[in-house]
1. Across peptide B:20-32, what mean number of C-beta atoms from other chains lies inside 10 Å of a residue's C-beta?
2. For region A:136-150 and region B:154-179, what is the centre-to-centre distance using only Cα atoms, to the nearest Å?
3. Hey, can you rank A:67-73, B:189-195 by average C-beta count inside 10 Å, highest first?
4. Mind checking A:24-37 for the average number of partner chain beta-carbons within 10 Å of each residue's beta-carbon?
5. Among rounded, prolate and oblate, which fits region B:113-231 when a ≥ b ≥ c are the square roots of the eigenvalues of its C-alpha gyration tensor, a/c under 1.5 means rounded, and a/b larger than b/c means prolate?
6. Go ahead and collect, in residue order, the members of region B:144-172 whose backbone nitrogen is under 19 Å from a label point 7 Å along the Cα-Cβ direction of A:R76.
7. Average partner chain C-beta neighbours within 10 Å, per residue of A:39-46?
8. For each pair in B:K134/B:K165; B:K182/B:K208; A:K157/B:K182; B:K134/B:K246, compute the distance between the two Cα atoms and list the pairs where it is over 26 Å.
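No lab work stands behind these numbers, since they all come straight from the coordinates. It should be emphasised that the depicted structure is a prediction, and the values quoted were computed from it without experimental measurement. Cβ placement follows ideal geometry from the backbone for every residue including glycine, while neighbour counts extend to all protein chains displayed.
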Amino acid sequence: MASPDTGFEAVFHEHYERIARAIGRIVRDPARAEELAVDVFCRLWRSPQIDAASAGGWLHRTAIHEALYELRREARRERYEKLLSFGRRVPNPEELHAAAEEQQRVRTVLAALDPRQAEMLLLRNSGLSYQEVAAALQLNPASIGVLLGRARESFRKEYLRRYGK
Amino acid sequence: MANNERELERWVDDRLAALTTAPGWHPDAAAALPRARERTRQGSATHRRRAWILTTATAGLAMAAIAVWQMLEPKPVHCADAPVCSSVPAAAKQNPVPPRPPLPGPPITCELFVDYECPPCAVHYTELVSGLTKDFVENGRVRLVHRDFPLPSHAHARDAARYAKAAGRLGHYDDAAAQLFKTQRDWSADGDIASRLAEALPADAMAKIRDMVANDPTIDAAIDEDIAVARAAGLHSTPALVVITKNGRQPITAPAYSALKSHLDRILEQQ
């Protein structure tokens, strides 16, 4: 029988890149994304009740949750920085680029959404089926369609409210 | 799916497609694994330190509670202290009443571990509890102990356990647990546990429960203790039972009540 250590290492090697990339899509900084990915795996280590079969879904869901939390933390920090600098905020080179601007808008909207809705949107957008999203979020699969519809409405409403058409 | 729903889905997907990773970035599991190992070692040490502090604090509180209880316990009147000894009849002093032997407890204790956000728990909880109560608890054959085992995969399970634990301290556990399972889908979607509980519990009790959930650290300590018991029993999922007899502790996961009843009947026949 494999020891808990080898089991953990096997899961780490199998899922680490995917989890880090899932976080990296949401969080700007790749180094921070890898730090958060390691945190997620440490939480898995501290949760012996998660078995290998369900680890993938649990990791993905937890990764998205942590990334969104980081996004909200960044948004709060930027608000305080704006207050302290009396509204003067120097954009970094990335933010001057149009594609990066759209990325930043999407991140801002995600940070402002209800966390559960944001998680659902990102899990579905990562390529998970309705069944897999339901399993990751412990929801009734029959209700995923309706809940996703509401999440999309909320996303669009928030996006248009902030940035117009 | 209707056209406008498809259009909305495309619109949102187009926006989310802007989320890409930094070009040229390749997360390397082999490079990250030593960091993860180091963090889990540090985390284990922190966890043990916290567990030690919690245990010491709990023991200290228990000793303080015993000391206070002893202070408040009425002291017997000794003849040497009192002006008159009439409070203690002479016959009683000659023939003191022997201490009452402890009442025999039920031969079996069942510890029931649930996660209020777990769908199978919602399905099986009522059947398990009503069956055990009717067939074993009411006739003194089994003692039923409720324990909380919130799973980390459930976003609001820990919060729900806090509310249930607090409700239990006010004598409202059964109503709270039933309401949590009945409204599980609603609060699981939006995280609003308190409003759903308030529909079933008295207003004055809810005010105290909210206060305990927000401010009483012993609530979390009690939940942590339940989780430690579950892990020690090797439990990984809910619902689960640990059946305790003089022969030891036996964990049973996801028991159907009919099978559990047969099992308990067999144990009791062998007692």
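1. The per-residue average across the peptide is 6.
2. 25 Å
3. Top of the packing list down: A:67-73, B:189-195.
4. The mean count of partner-chain Cβ atoms within 10 Å per residue comes to 3.
5. Cα axes put region B:113-231 in the rounded bin.
6. B:156, B:159
7. 5
8. Pairs exceeding 26 Å: A:K157/B:K182.
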